[in-house]
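Asks: So that we are looking at the same thing, I have put the structure below in structure tokens.
The values are calculated or read from the model by the stated rules, or taken from the named source; none is laboratory data. Predicted, not measured: the structure shown is a model, and the values here were computed from it. Positions of Cβ are backbone-derived with ideal geometry, glycine not excepted, and every protein chain shown enters the neighbour counts.
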Amino acid sequence: MLKKLSNNREKNNLTNKVDFLHWGMFGGVMLTLTLGIISSRILPFSDKYPTILIHQILGSIVLVLINILIARMLVKPEQRKFTLPKVVQFVQAVTLTFIAISGLSMALINTPLFSVYSWAFSDSATSREVFSLLFLIHATAIKVFISLVTLHILGAVKHHFFDKGDKLKVMLGK
């Protein structure tokens, strides 16, 4: 009986971490995405700076969290089964990394920190060309990420409404 309670407590602790990381990442990414859309599509040029700064700070936080998530995915002691949900989640994480790195790289153009990235670009490329390439990577990765999030949500809805039993709760450890 005591061992069963201990196992339940460990499972609940893991579930709380999964829930916190899952919903924390969701909230952070959606807030970052919303600020990016507002600053790029709605605000006039003179009002963009504070919004873009917050967008960049949140992007940095998301980059740290997503790298923690990728590390947890790679060192999990479970068997390596490549199921569709696991592949989608891993590609989501890698796509978020590309989004964050390309976005932060756009902010670092014409700064001394950008010399870290200079090996990836031709010496004859102008700042405008480099920015255009990074923006293309950023925008494409965002579209891929939104498609993957849609697939993720559809999978969760399928498990919740169409599968028999409590498969979604079991997957979350509840």
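Asks: In region 15-51, how many residues are more than 16 Å from Ala141 (Cα to Cα), buried (at least 18 other Cβ atoms within 10 Å of the Cβ) and not polar (S, T, N, Q)?
Replies: 2
Asks: Check Val64, Val18 and return the single one that is modelled with pLDDT of 85 or more and out of contact with any helix residue (DSSP H, G or I) (no Cβ under 8 Å at 6 or more places or on another chain).
Replies: From the options Val64, Val18, the qualifying one is Val64.
Asks: Any chance region 134-145 includes a residue that's at pLDDT below 90 and polar (S, T, N, Q)?
Replies: no
Yes or no, residue by residue, for (1) in contact with a Ser or Thr (Cβ under 8 Å, 6 or more places away or on another chain); (2) surrounded by 14 or more Cβ atoms within 10 Å (Cβ to Cβ); (3) over 20 Å from Ile153 (Cα atoms):
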position: Gly59; (1), (2), (3): yes, yes, yes
position: Val62; (1), (2), (3): yes, yes, no
position: Asn67; (1), (2), (3): yes, yes, yes
position: Ala71; (1), (2), (3): no, no, yes
position: Lys76; (1), (2), (3): no, no, yes
position: Phe82; (1), (2), (3): no, no, no
position: Gln89; (1), (2), (3): no, yes, no
position: Gln92; (1), (2), (3): no, yes, no
position: Leu96; (1), (2), (3): no, yes, no
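Asks: I would also like to ask the following. Of the residues that make up region 41-57, is at least one outside any helix (DSSP H, G or I) and either in contact with a Leu (Cβ under 6 Å, 6 or more places away or on another chain) or under 30 Å from Glu129 (Cβ atoms) (or both)?
Replies: yes
Asks: So the check is Cβ under 8 Å with 6+ separation or different chains; which pairs have a first residue in region 35-50 that's among the β-branched types (Val, Ile, Thr) and a second one that's surrounded by fewer than 15 Cβ atoms within 10 Å (Cβ to Cβ) and at pLDDT 75 or above?
Replies: Cβ pairs passing all conditions: none.
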